[in-house]
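The values are calculated or read from the model by the stated rules, or taken from the named source; none is laboratory data. Computed from a predicted model, the values in this text were never measured in an experiment. Heads up, the Cβs are rebuilt from the backbone with ideal geometry, glycines too, and the neighbour counts pull from every protein chain shown.
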Amino acid sequence: MPAEYSPTILQGQHTNDDEILAKTPLDTKALGGDSSVIIMELLQRFKVRDVMKRQIIAVARSTTLREAQRLMRENRISGLPVCEDGRLYGIVSVNDIINALDNGWIEDSCERHMATNLVVMEAGMPISFALRYFNNYTYGRFPVLDSNRKLVGILSQRDVMRALLYELSVEIRKLERKTAGNGPLRATGERYFRREWAVVRNDLSRAGHAANDIKVILRERKVARSVARRVAVAAYELEINICIHSHGGVLVLLISDDTITITAKDRGPGIPDIEWACRDGTSTANDWIRSLGFGAGMGLSNSKRVADSFDIQSEVGKFTKVTCTFNMVPPEPAPAEGGAS
Amino acid sequence: MTAAEICAAVKGTLAVEAEDAAANGVYVGDLLSDVMGHAGEDCVLVTIQNHLNAIAVCTLVGCSVVVLCHSRPVPPDMAEAAAREGVAIITTSLSQYAAALALSALPPAEH
């Protein structure tokens, strides 16, 4: 019996799991113990049965080691469970084959040379538990048994990795949606585009750059002209607002399949009376700002008017955050503008 | 109406040329938020705002001709931005009202 197959006897003694874990200090980082709630939750939520391979290539006890060697080569695997009617008797590994070739017993049956002291997993184990196995043993894959002790799958590190990456991508996508300006979550699509611009206080020479970039981006993405214009107007107004009224902030563009969101967030000083600030013609701009054609008190009201959904939050001394959301498809055919044509 | 025709109508000077610059309506305004909120596309903007941000607003609303009134000078950065964005700038000694009258062949361009 190859030495590498005799670390811990688990066959038929699954209550020993805790003992195994006690033997090896838990590497919490490897298990996600030092990770985010989402990763911890994923590791607990997913069971071995969710990610294991269910198609098992196995041999019978009477199968020769030569036949086992052929199966391993053709299927590019390094181990085969020896199994009959669902019952797992042992495992034949590449090392067993090498030993058989070296010692001249390659025509012997698998039963004579297979490993019988096995480390197995249970189908209902959380993935966090399975990861401990990979951490504690050097094996690349483990047989998986169901509650009736029947072989139902094989779990490799690659299976775990693939499943976790997929689920993480789903979770991250959800997070991206949630962080989209905390605005109404109307996005239903899966493709997102996000870009952020820093807006500097009183730098009117650069004010408008973000709005202009946004207009170009929307044009490139073939957003309806009437929608792009409204988005650009809101973006410009909000950019100017950050520039002339705040200590500086950011403008964020988020495009999903069906909505465009502009979020403007600054670092204060905040608006004491939001209702007043949103009224047309009210402004705290100084003469210098007004001389440049700004400070007409129309910024917020213009943004609100052009957006399909408008939200403003502010805390005096801390921040102001404005979110304008636009439906990608105009609600009705765009009317001829201003009778100009 | 092409930029050259507009320039002739307001007895102005074409300070910045732009290929294909033309307008089929007029909007008069010095408050840029007002212009952004109400100016229609493809209009000529009659204004006294002789600075960079006026060009930014024109670009956003789709206006390709600016008439600067009261002979206001065109600062270099404004001229540069206008050339880059394809916005023609015409300077005239007329007031906004007089310039609008001179362009009365064009309809109001309001959004």
- Item | Index of the failed condition, A:Arg186 passing every other in (1) surrounded by fewer than 20 Cβ atoms within 10 Å (Cβ to Cβ); (2) modelled with pLDDT of 85 or more; (3) not assigned by TED's automatic domain parsing to the domain that holds A:Arg49 | (2)
- Please note which strands (runs of 3 or more DSSP E) are completely contained in region A:241-341 and include at least 1 residues that are of a type in the set (Val, Ile, Thr) and modelled with pLDDT under 75. none
- Can you confirm whether region A:38-46 contains a residue that is in a loop (DSSP other than H, G, I, E, B), under 20 Å from A:Tyr133 (Cβ atoms), modelled with pLDDT under 90 and not hydrophobic (A, V, I, L, M, F, W, C)? no
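The rows are residues; the columns are (1) crowded, with 18+ Cβ neighbours inside 10 Å; (2) part of a loop (DSSP other than H, G, I, E, B); (3) more than 9 Å from chain A (Cβ to nearest Cβ).
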{"site": "B:Lys11", "(1), (2), (3)": "no, yes, yes"}
{"site": "B:Leu14", "(1), (2), (3)": "no, no, yes"}
{"site": "B:Ala18", "(1), (2), (3)": "yes, yes, yes"}
{"site": "B:Asn24", "(1), (2), (3)": "no, yes, no"}
{"site": "B:Asn53", "(1), (2), (3)": "yes, no, no"}
{"site": "B:Arg84", "(1), (2), (3)": "no, no, yes"}
- Item | Selected residue (criterion: farthest from A:Asp257 (Cα to Cα)) from residues of region A:193-214 that are within 11 Å of chain B (Cβ to nearest Cβ) and crowded, with 23+ Cβ neighbours inside 10 Å | A:Ala207
- Message: Return the residues of region B:55-80 that are more than 18 Å from A:Val233 (Cα to Cα) and either buried (at least 23 other Cβ atoms within 10 Å of the Cβ) or polar (S, T, N, Q) (or both); say none if nothing qualifies.
- Response: B:Val65, B:Val66, B:Val67, B:Leu68, B:Cys69, B:Ser71, B:Met78
- Message: Please determine whether any residue of region A:217-235 is within 11 Å of A:Lys321 (Cβ to Cβ) and either more than 10 Å from every other protein chain (Cβ to nearest Cβ) or in contact with a Cys (Cβ under 8 Å, 6 or more places away or on another chain) (or both).
- Response: no
- Note on the structure: In the set A:Ser226, A:Ser246, the lone residue that is on the phi < 0 side of the Ramachandran plot and either outside the structural domain of A:Ala277 (by TED's automatic domain parsing) or surrounded by fewer than 20 Cβ atoms within 10 Å (Cβ to Cβ) (or both) is A:Ser226
- Note on the structure: Among the residues of region A:304-323, the number that are within 14 Å of chain B (Cβ to nearest Cβ) and either touching a residue at least 12 places away in the same chain (Cβ under 8 Å) or among the aliphatic types (A, V, I, L, M) (or both) is 3
- Item | Search result, residues across region B:26-51 that are at the interface with chain A (Cβ under 7 Å from one of its Cβ atoms), closer than 21 Å to A:Val306 by Cα and surrounded by 22 or more Cβ atoms within 10 Å (Cβ to Cβ) | B:Leu32, B:Ser33, B:Met36, B:Gly37, B:Gly40, B:Cys43
- Item | Looking only at region A:66-95, and only at residues there that are in contact with a helix residue (DSSP H, G or I) (Cβ under 6 Å, 6 or more places away or on another chain) and within 28 Å of A:Asn148 (Cα to Cα), the one that is modelled with the lowest pLDDT | A:Ser78
